[in-house]
Structures are given as C-alpha cells and as structure tokens.
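Asks: I am attaching a structure below and will ask some questions about it afterwards.
Please treat every number below as a calculation from the coordinates, not as lab data. What you see is a predicted model, and the numbers here were worked out from it, not measured in a lab. With ideal geometry, Cβ positions are generated from the backbone for all residues, glycine too; neighbour counts draw on all protein chains shown.
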Amino acid sequence: MDDQNNPTNDKHQQPDGGAATAARLKLSEKAAEVKAQVADFGRKTVDNLEESRHSAAGALGQTAAKLHSSGEHLSATAHTAAEQISGAAHKTADKLEAAADYLRATDLKTMGEDAKDVVKRYPGPALAAAAVLGFLVARSLRRD
C-alpha cells in the first residue's frame, strides 16, 4: 500500500510523464510546423512584393517613355504651328506696312485713279467690296 500512496512510485509517474512528454513532443512538432508555414508565407509574401515592385517599376518606366515621346511630338507640332503663325503674322505685317507706305506716298487724286483701275480689272470682287463697305457705312450711320 505504501507503494500506491507514494507519489514517487515509478508505475504512476511513467504514464503521466510519458503523456506529458508525448504532449510536449506533439506541441513542439506543431510549433515547428507552424514556424515553417509562417516562414514559407513570409517568403511567398516577399516574392510577391518583389514581383509587384518590378512590375510597378516597369509600368512607370513605360509611362515615362511614352510621356517623353509624346512631349517630343507635341514640341515638334507646337514648333511647326508656331512657325506657321509667325509666318502668317509676318506676311500680314508686311502687307500692312506696304499699305502704310502707300498711304504716306500717294495723294488722294492718285488713290482715286488706282481705285478705278482696280474696279476695271476686278469688277466682281470690287462690287462685293463696295456692297460690304456700303452695308458697314449704313449700319454705323444707323447707330448714331
């Protein structure tokens, strides 16, 4: 009986000790399994982030290249348009300068003769110009 009441008895300790050891081993195995799964998940996450980083960098690089290309095209187009506008402005300025020189150098009698010559050479456009001029004069008189 002493053996049964003695807590240090090997018969009673072994099953309890064996179960505890088995539980610890099982828990240790599960912990190692979870640790491996977490490490694997971490590696996969890092790999996915790396892939996303490279993909994003590639997309940004392509967008930058397209913007550079579009900027060059726009610059060339704007330059061409600016040259055309500049050319038209210079032509208009030259014609206005010629008109100013004509007005400075020509007296009224000569201007009247020149106007008659223009009407004789270009009767259709001269008649249309006279009609427009007449309309504008009548309209300005009506306002006053």
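Asks: Near LYS26, which lysines are there with a Cα under 17 Å away, not counting those fewer than 8 places off in the same chain?
Replies: Reachable lysines: LYS35.
Asks: Of LEU96, ALA20, GLY61, which is farthest on the positive side of the dipole of the chain, counting Cα position, with +1 on Lys and Arg Cβ, -1 on Asp and Glu Cβ, and the Cα centre as origin?
Replies: Farthest along the dipole direction, towards plus: LEU96.
Asks: Tell me which lysines have Cα within less than 22 Å of LYS116's Cα, excluding those fewer than 8 residues away on the same chain?
Replies: Qualifying lysines at Cα under 22 Å: LYS95.
Asks: OK, next. For helix 123-143, report the angle its Cα long axis makes with the longest principal axis of the Cα atoms of the chain; keep it between 0 and 90° and round to the nearest 10°.
Replies: 80 degrees
Asks: Based on DSSP H runs of at least 4 residues, each adding -39500 (n - 2.57), what is the mean residue ellipticity at 222 nm of the chain after dividing by all its residues, to the nearest 500 deg cm²/dmol? Each step should come with its number before you reach the end.
Replies: On the way: 4 runs with 135 residues, N = 144.
Only helices count here, giving -34000 deg cm²/dmol.
Asks: Under a Cβ-only charge scheme (Lys and Arg +1, Asp and Glu -1), can you give me the dipole magnitude of the chain about the Cα centre, in debye to the nearest 20?
Replies: Computed charge dipole of the chain: roughly 1120 debye.
Asks: Could you tell me how far the Cα centroid of the stretch 31-46 sits from the Cα centroid of the stretch 48-80, in Å?
Replies: 38 Å
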